[in-house]
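**Student:** There's a structure below that I have some questions on.
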Amino acid sequence: MLFSSMHQSWQELLEPARELLAEIENQLVFDSEITPTKPSIMRAFEQPVDSIKVLVIGQDPYPTFGVACGLAFAVAASHKLPQSLKNLMKELAFDIPSATNQGDLVRWGGQGVMLLNSALTTQVAKPGSHAKIWAGFTKLVIEALDKKLSGNLVCLSLGEHAKKLSTAITLGEVIQATHPSPLSANRGFFGSKIYSRVNQALVTKSIAPIDWSC
């Protein structure tokens, strides 16, 4: 069950959304091929709520089977980096040259970075096919997290889907940038210095910055 696979602190925070999540799970049963696989769908919710200080909002999982791992922009271990992730690493090298940029985003989670897609699943080979299914849930998640952290949240919103969702944040700070996909990266993502901007926002809140090396 999706609800029970979340960390207990998330279950407590999102108890009002329990029925909604169950409805979503019932809808997913009818899709024969979805990505990521069911055990990884709620992976972004494995870390305790109170450990989070940065929320990265993406779009939806990579639509190729076996690539998505349940964390926005991240990929399954040893998998070739998709172009969006390559572009994230290219900007990291430009913004913070001292940071390693091998594309293993799991390390960010250990420092309080939550990698959340606006849709937690999609049909294989059909990007965006589950956007409407998840829209209500992810909005509730963002609202609840923003309220819980009482202003001590920095949101990195990447792309138009994320921009719409980030309007749910009223207490924390939102840093907006273009999506790093090859279709849009040259229209404002490269040179956006998202990593140093997030760290500056954290420091302003007297919160330790992120070591973005990965």
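**Student:** Quickly run through the range 178-196 and pick out the residues that are at pLDDT below 95 and on the phi > 0 side of the Ramachandran plot.
**Tutor:** Gly188
**Student:** Something else now. If you scan the range 83-98, which residues turn out to be among the hydrophobic types (A, V, I, L, M, F, W, C), more than 24 Å from Glu46 (Cβ to Cβ) and in a helix (DSSP H, G or I)?
**Tutor:** Hits for the range 83-98 are Ala93, Phe94.
**Student:** With respect to the numbered conditions (1) under 24 Å from Ile169 (Cα atoms); (2) in contact with a Lys or Arg (Cβ under 8 Å, 6 or more places away or on another chain), which one is the sole condition not fulfilled by Val54?
**Tutor:** For Val54, the exception is condition (2).
**Student:** Mind checking whether some residue in the range 169-179 is within 20 Å of Leu13 (Cα to Cα) and not aliphatic (A, V, I, L, M)?
**Tutor:** yes
**Student:** Can you find a residue that is of a type outside the set (Val, Ile, Thr), touching a helix residue (DSSP H, G or I) at 6+ places or on another chain (Cβ under 7 Å) and not in a loop (DSSP other than H, G, I, E, B) anywhere in the range 54-66?
**Tutor:** yes
**Student:** Quick check: is even one residue across the range 56-78 surrounded by fewer than 19 Cβ atoms within 10 Å (Cβ to Cβ) and charged (D, E, K, R)?
**Tutor:** no
**Student:** Here is a follow-up. For Asp211, state whether it is among the charged types (D, E, K, R) and touching a strand residue (DSSP E or B) at 6+ places or on another chain (Cβ under 9 Å).
**Tutor:** no
**Student:** Filter the range 1-21 down to residues that are in contact (Cβ under 8 Å) with a residue 60 or more places away in the chain and assigned to a helix (DSSP H, G or I), then give me how many there are.
**Tutor:** Final tally of qualifying residues: 5.
**Student:** Say we look at the range 203-214 and pick out the residues that are hydrophobic (A, V, I, L, M, F, W, C) and under 18 Å from the mean Cα position of the chain (by Cα); which of these is surrounded by the most Cβ atoms within 10 Å (Cβ to Cβ)?
**Tutor:** Trp212
**Student:** Further, regarding this structure: Picking from Phe73, Phe30, which residue would you name as being without any contact (Cβ under 8 Å) to a residue 40 or more places away in the chain, hydrophobic (A, V, I, L, M, F, W, C) and not in a helix (DSSP H, G or I)?
**Tutor:** Among Phe73, Phe30, only Phe30 is without any contact (Cβ under 8 Å) to a residue 40 or more places away in the chain, hydrophobic (A, V, I, L, M, F, W, C) and not in a helix (DSSP H, G or I).
The values are calculated or read from the model by the stated rules, or taken from the named source; none is laboratory data. Everything quoted here is computed from the prediction, not taken from an experiment. Positions of Cβ are generated from backbone atoms using ideal geometry, with glycine treated the same way; all protein chains shown enter the neighbour counts.
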